[in-house]
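Working notes, structure below.
Here, each number is a calculation from the coordinates, and none is a lab measurement. Fair warning: this is a prediction, and the values are worked out from it, not measured in the lab. Cβ: placed from backbone, ideal geometry, glycine included. Neighbour counts: every protein chain shown.
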Amino acid sequence: MKHNLYSMFAASPTSGSGLGFSPRNIGTLLVLWLLLLVLLLGRTVGNALSATSLNLFVANIAPSAATLGVFNGIQQLCTTFIRIIGLVLSGTLWGWSIKHSLVYPFNSHLAWVVCGLVTATAWRLSLRLPDSVNIYLPGKNQRNRR
């Protein structure tokens with residue numbers, strides 16, 4: 001894989017609309033791409049784990065198998081709504097931050113700072129979830145749901 005990435009970047013033009021990296025800096029660009037791939041892998045694994053956890057929480061709170069479909073539908077609706085709100089707010093925040101020449105953290109990094117604060121807050125709040133959200137009540141398990 002390293003050879004394929006190297007040949008792709010080494011063959012690209014360094015002037016005009018090319019990548020703008022001279023052959024001396026290809027190593028730096030490869031490290032950048034490899035780090036990007038590691039971060040993308042972490043994001044993908046995190047998305048899969050969070051979706052699975054959310055599905056388990058919904059399955060645990062559904063009072064019966066008959067209502068599980070309704071709860072899954074509400075979960076999907078809420079997830080989609082939050083994604084829409086997140087895109088609109090982060091795009092607006094980023095557009096505002098690049099329009100004004102302010103100092104850090106209110107410059108072009110503002111959207112990323114706010115995203116980090118929201119993530120840290122969500123993580124902190126998740127530590128306060130009681131253990132009871134992941135434990136079935138006595139007599140309430142998957143086989144006994146009707």
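Ordered by residue, what ³J(HN,Hα) values in Hz, to whole numbers, does the range 112-121 give under the Karplus form 6.51 cos²θ - 1.76 cosθ + 1.60, where θ = phi - 60° and Gly and Pro are x?
In residue order, the calculated couplings are 6, 5, 5, 4, x, 5, 5, 5, 5, 5 Hz.
So which chymotrypsin sites (Phe, Trp or Tyr not before Pro) in the range 73-130 are both in a DSSP loop and have at most 15 other Cβ atoms within 10 Å of their Cβ?
Phe106
Residue-wise, which Karplus ³J(HN,Hα) couplings in Hz belong to the range 66-72, taking 6.51 cos²θ - 1.76 cosθ + 1.60, θ = phi - 60°, and x for glycine or proline?
Residue by residue, the range 66-72 yields 5, 9, 4, x, 5, 5, 5 Hz.
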